[in-house]
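So the structure is just underneath, and the comments pick up after that.
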Amino acid sequence: MSGDKNIDSKYDDPYQVPIMVADEKNLKGYGTIVTDFEKEKVEIAPWPVSGKRKLHPGTGSLGGIRSGEFICKWEGDACQAINKGVDDTVYITGRLPAGVLKQNRTHLLVREANYHPDGGQVFFPRDKDPFITLLALPGDDVKPEDFVAFYFDGSFGVQMHTNVWHQAVIPINDLDVFLTKQAASYACVDVDTIGEFGKYLSVPLKL
């Protein structure tokens with residue numbers, strides 16, 4: 001996910017994403033709470049088949065996992081992420097609305113999300129810092145109103161289920177470091193809400 005497009009002022013009516021406190025009940029369908037990063041097993045989805053014939057038993061899910069640090073930080077109006085479990089690429093996950101100063105950030109404008117058809121993805125706050133996740137349930141007909149923001153107080157992490165739409169975890173502090181692991185195939189399917197719906201997603205950064 002690049003997410004590095006500048007905010008376009010002509011799209012000034014973003015969809016206001018609702019926010020809720022993450023707990024085991026309201027995360028159902030989106031993911032699961034993670035209290036022990038080392039013990040958490042990554043969901044691995046078997047490779048899809050194109051016809052009626054089934055995969056040979058024991059195949060299609062042997063690619064393993066990738067793991068490493070996932071660094072999220074604010075640079076000016078941009079929220080940046082680096083997934084060291086995959087590579088060292090710096091990409092922008094969203095930007096503050098025009099004219100909003102870094103110290104007054106309350107919402108993040110996001111236009112892209114993705115899901116992984118090959119497995120789940122685990123995020124665990126290394127330093128117990130609070131964070132936000134933007135999630136939507138599986139389905140390629142996803143719409144802006146399907147997205148929900150979840151607030152995590154930092155006492156636990158999350159494993160996003162296979163095929164769940166998400167943007168990278170969003171830091172509340174200036175810099176957050178997460179432990180992450182995911183299926184090694186690292187397949188991504190993307191949505192651009194500006195291109196498809198003419199709207200940004202306005203993600204709250206506070207309850």
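Readers should treat all values here as calculations from the given coordinates under stated rules, not as data from a laboratory. Bear in mind that the values here come from a model prediction, so they are computed numbers and not experimental data. Using ideal geometry, Cβ is built from the backbone for each residue, glycine included, and neighbour counts are taken over all protein chains shown.
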(Q) Could you check the range 56-74 and list, in sequence order, the residues that are touching a strand residue (DSSP E or B) at 6+ places or on another chain (Cβ under 6 Å) and outside any strand (DSSP E or B)? (A) SER61
Q.
The conditions are (1) farther than 30 Å from GLY60 by Cα; (2) not in a loop (DSSP other than H, G, I, E, B), and ASP190 fails exactly one of them. Which is it?
A. (1)
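For the range 2-61, what are the residues that are among the hydroxyl-bearing types (Ser, Thr, Tyr) and touching a Gly at 6+ places or on another chain (Cβ under 9 Å)?
TYR11, THR32, THR35, SER61
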Q. Is there any pair with a first residue in the range 45-69 that is more than 28 Å from THR89 (Cβ to Cβ) and a second that is surrounded by fewer than 15 Cβ atoms within 10 Å (Cβ to Cβ) and among the β-branched types (Val, Ile, Thr) whose Cβ atoms are under 7 Å apart and which are 6 or more apart or on different chains, and what are they?
A. LEU55/VAL49
Q: State whether the residues of the range 173-191 include one that is of a type in the set (Phe, Trp, Tyr), within 12 Å of the chain's Cα centre (by Cα) and crowded, with 16+ Cβ neighbours inside 10 Å.
A: no
Q) Among the candidates ASP23, ASP88, which residue alone is under 29 Å from ILE194 (Cα atoms), out of contact with any His (no Cβ under 8 Å at 6 or more places or on another chain), part of a loop (DSSP other than H, G, I, E, B) and not β-branched (Val, Ile, Thr)? A) ASP88
Q | Single condition ILE82 does not satisfy, out of (1) in a strand (DSSP E or B); (2) surrounded by fewer than 16 Cβ atoms within 10 Å (Cβ to Cβ) | A | (2)
Q: Would you tally the residues in the range 131-154 being over 15 Å from the mean Cα position of the chain (by Cα), closer than 20 Å to THR180 by Cβ and touching a residue at least 40 places away in the same chain (Cβ under 8 Å)?
A: 1
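Return the residue satisfying two criteria in turn: it lies in the range 151-163 and is surrounded by fewer than 22 Cβ atoms within 10 Å (Cβ to Cβ) and not acidic (Asp, Glu), and of such residues it is nearest to PHE123 (Cα to Cα).
Pass one, the range 151-163, residues surrounded by fewer than 22 Cβ atoms within 10 Å (Cβ to Cβ): 151, 153-156, 162-163.
Subsequent filtering for residues that are not acidic (Asp, Glu) retains 151, 154-156, 162-163.
Details: TYR151: 13, GLY154: 11, SER155: 12, PHE156: 9, THR162: 14, ASN163: 16 Å.
The residue in question is PHE156.
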(Q) Looking at (1) free of Cβ contacts under 8 Å to residues at least 12 places away in the same chain; (2) within 12 Å of the chain's Cα centre (by Cα), which one does MET160 not meet, given that it meets all the others? (A) (1)
**Q.** Unmet requirement for ALA22, which otherwise passes all of (1) closer than 22 Å to CYS188 by Cα; (2) surrounded by 15 or more Cβ atoms within 10 Å (Cβ to Cβ)
**A.** (1)
Q) Does any residue of the range 131-145 turn out to be part of a strand (DSSP E or B), among the small types (Gly, Ala, Ser) and surrounded by fewer than 23 Cβ atoms within 10 Å (Cβ to Cβ)? A) yes
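Assess whether THR35 counts as being of a type in the set (Val, Ile, Thr) and more than 27 Å from GLY195 (Cβ to Cβ).
Numbers: of a type in the set (Val, Ile, Thr): yes; more than 27 Å from GLY195 (Cβ to Cβ): yes.
Criteria met by THR35.
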(Q) Filter the range 95-129 down to the residues that are more than 15 Å from the chain's Cα centre (by Cα), in a loop (DSSP other than H, G, I, E, B) and under 19 Å from PRO18 (Cα atoms) and list them by number. (A) LEU96, PRO97, ARG105, THR106
